[in-house]
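Visitor: Sending over a structure as structure tokens; questions will come in a sec.
What follows draws every value from the coordinates through simple rules; no lab data is involved. Nothing here was measured: the structure is a model prediction, and the numbers come from that model. Cβ: placed from backbone, ideal geometry, glycine included. Neighbour counts: every protein chain shown.
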Amino acid sequence: MIDSLLKNKFANDFSIHEHGFCSLSLEDGYTISIETLCRFISNDGKFISSSDHGHQFGLPAPFNAAQAIKEQIHKKKIINIEVKNDTGDLILFFENGRLEIICSSSGYECYQLNGPDNLIIVGRGGPASFVP
């Protein structure tokens, strides 16, 4: 279902908030709130991780991962979507690379899609067989 909602949508904005939470806004009123690690991987294998946001790494200023990811996906169309059956990871494919939303918990929700008409889809890790 999520693939039919997001395929061919254009990305509008990407931001990283306090505690590393991210948000991705898409056209037509869709937003993905991300409470886990996400990363953009370009077609040539270079990647930008949300966990690197604000770290200096010997640079003149702290690394702005939010801006770096936004520059890669802004006004780009989602051409394919994959949800990993075993982990729940959500992968959004663009023509220049992919944004991976990596479920880091099998018990808590890791991302949430909000859309028109009060649509809410919650994504979490795969089967919670190891959670007591």
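Visitor: For the chain, what does the helix formula give at 222 nm: sum of -39500 (n - 2.57) over DSSP H segments with n ≥ 4, over the residue count, nearest 500 deg cm²/dmol? Walk me through the numbers before you get to the answer.
Guide: Numbers: 2 runs with 14 residues, N = 132.
-2500 deg cm²/dmol, from helical runs alone.
Visitor: So, one more: Of the GluC sites (Glu not before Pro) in segment 64-105, which ones lie in a loop per DSSP and count no more than 16 other C-beta atoms within 10 Å?
Guide: On the way: sites: GLU71, GLU82, GLU95, GLU100; in loops: GLU95.
Of the GluC sites (Glu not before Pro), the ones in loops of segment 64-105 whose Cβ has at most 16 other Cβ atoms within 10 Å are GLU95.
Visitor: Please identify the chymotrypsin sites (Phe, Trp or Tyr not before Pro) of segment 90-121 that satisfy two criteria: DSSP loop assignment and at most 16 other Cβ atoms within 10 Å. Which are they? Write down the numbers at each step before the final one.
Guide: Numbers: sites: PHE93, PHE94, TYR108, TYR111; in loops: TYR108.
Within segment 90-121, the qualifying chymotrypsin sites (Phe, Trp or Tyr not before Pro) (loop, at most 16 other Cβ atoms within 10 Å) are TYR108.
Visitor: For the chain, give me every cysteine whose Cβ has no other Cys Cβ within less than 4.7 Å, ordered by residue number.
Guide: Cysteines of the chain left without a disulfide-compatible partner: CYS22, CYS38.
Visitor: If you don't mind, there's one more thing I want to ask. When only C-alpha pairs under 8 Å and at least 6 residues apart count, what is the relative contact order of the chain, in percent? Don't skip to the answer; put the middle values down first.
Guide: Details: 298 pairs, mean separation 33.0, N = 132.
Worked out over the chain, it gives 25 percent.
Visitor: Label-point separation (nm) for ASN8 and ASN85, each offset 7 Å from Cα along Cα-to-Cβ?
Guide: Result for the modelled spin labels: 2.7 nm.
Visitor: Quick check on the exposure proxy: order ASP117, ASP3, ASP89 from fewest to most C-beta atoms within 10 angstrom.
Guide: Numbers: ASP117 5, ASP3 13, ASP89 22.
So the residues, fewest neighbours to most, are ASP117, ASP3, ASP89.
Visitor: What is the Cα centroid distance between segment 79-112 and segment 1-68, reported in whole angstrom?
Guide: Going from one Cα centre to the other spans 12 Å.
Visitor: Continuing with this model, one more query. Under 20 Å from a point placed 7 Å out from the Cα of PHE57 along the Cα-to-Cβ direction: which residues of segment 27-46 have their backbone N that close?
Guide: Correct set: 36-46.
Visitor: Under the Kirkwood approximation applied to all pairs of distinct alpha-carbon atoms, what is the hydrodynamic radius of the chain in Å?
Guide: Numbers: mean 1/r = 0.0662 Å⁻¹.
So the Kirkwood estimate lands at 15.1 Å.
Visitor: Work through the residues other than ASN8 whose Cβ is under 14 Å from its Cβ and net out their charges, Lys, Arg +1 and Asp, Glu -1. Mind showing how you got there, number by number?
Guide: On the way: positive: LYS7, LYS9, LYS75, LYS76, LYS77; negative: ASP3, GLU27, ASP28, GLU95.
Around ASN8, the charge tally is +1.
Visitor: 7 Å from Cα along Cα→Cβ at both SER15 and GLU71: what's the point-to-point distance in nm?
Guide: 2.0 nm
Visitor: Pulled fully out, how much extra length does the chain show between ILE121 and THR31, if you take 0.36 nm times their separation in residues and subtract their Cα-Cα distance?
Guide: Numbers: separation 90, 0.36 × 90 = 32.40 nm, distance 1.06 nm.
Extra length available between ILE121 and THR31 comes to 31.3 nm.
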